[in-house]
Amino acid sequence: MPSSLANGPGIRCCLWLQGCSLGCPGCFNPETHDFAGGASYNIDDVFGWIREAPGVEGLTVSGGEPLQQVESLMELLELVRSKTDLSVLVFTGFPFEAAEQIPSFWKLKPLIDVLIAGPYVEGLAVRSSLISSTNKTLHFFSNRYSQADLATVPVSEVIISASGDVSVTGIDPVSLR
């Protein structure tokens, strides 16, 4: 999605990665779980798409599970860090302690400004926050944002394109009937 207000602070380009084996009940993005689903793109092409997104201050990466594609994610974020001034926010369903055990995670951390970690838990759902459930933890790897910046993010948005396509996104997306 080239522009969103509901997936992190400011106007953000959003990238949902395909594939997740965590299977959190009530996940907002179940269509991203199948590793064979979605489409494959060259990292340079994805970077070009991100770079061309108009007026954005950052990139949000979600999924599926971004850390189950850590090497490709790292390659993309290295391009973002070295060739743009965009901030980077990453959602992971792994608890932070488990994320730290993933090979190469320590190389990924400097490429991320904010990591939101932990599985979605329906019984702990928060409908007014970017974290989505109270068990999730926030990790600031730069001083670019604070917890107050995340508190101002709307929980959902509806985008209607000029051609009439409707996109619904955010941590608590509305359902359209």
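Conditions tested, residue by residue: (1) under 24 Å from residue 18 (Cβ atoms); (2) β-branched (Val, Ile, Thr); (3) without any contact (Cβ under 8 Å) to a residue 40 or more places away in the chain.
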residue: 80; (1), (2), (3): yes, yes, yes
residue: 84; (1), (2), (3): yes, yes, yes
residue: 93; (1), (2), (3): yes, no, no
residue: 101; (1), (2), (3): yes, no, yes
residue: 116; (1), (2), (3): yes, yes, yes
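I'd like to check something: does the stretch 157-175 contain any residue that is touching a Phe, Trp or Tyr at 6+ places or on another chain (Cβ under 8 Å), modelled with pLDDT of 95 or more, among the hydrophobic types (A, V, I, L, M, F, W, C) and assigned to a loop (DSSP other than H, G, I, E, B)? No, that holds for no residue. In the stretch 26-47, the residues that are without any contact (Cβ under 8 Å) to a residue 60 or more places away in the chain and over 23 Å from residue 58 (Cα atoms) form Cβ pairs under 7 Å with partners that are of a type in the set (Gly, Ala, Ser) and surrounded by 14 or more Cβ atoms within 10 Å (Cβ to Cβ), at six or more places apart or across chains, as follows: 33/64; 35/19.
Could you check, for the stretch 56-63, whether at least one of its residues is closer than 20 Å to residue 31 by Cα and of a type in the set (Gly, Ala, Ser)? Yes, there is a match, as at least one residue in the stretch 56-63 is closer than 20 Å to residue 31 by Cα and of a type in the set (Gly, Ala, Ser). Screening residue 140 on (1) out of contact with any strand residue (DSSP E or B) (no Cβ under 9 Å at 6 or more places or on another chain); (2) without any contact (Cβ under 8 Å) to a residue 40 or more places away in the chain; (3) farther than 16 Å from residue 10 by Cα shows it passes everything except condition (1).
Among the residues in the stretch 134-149, are any assigned to a helix (DSSP H, G or I) and surrounded by 12 or more Cβ atoms within 10 Å (Cβ to Cβ)?
Filtering the stretch 134-149 for residues assigned to a helix (DSSP H, G or I) gives 147-149.
Keeping just the survivors that are surrounded by 12 or more Cβ atoms within 10 Å (Cβ to Cβ) gives 149.
Among the residues of the stretch 134-149, at least one is assigned to a helix (DSSP H, G or I) and surrounded by 12 or more Cβ atoms within 10 Å (Cβ to Cβ), which makes the answer yes.
The values are calculated or read from the model by the stated rules, or taken from the named source; none is laboratory data. All values reported here derive from a predicted model rather than from experimental measurement. Heads up, the Cβs are rebuilt from the backbone with ideal geometry, glycines too, and the neighbour counts pull from every protein chain shown.
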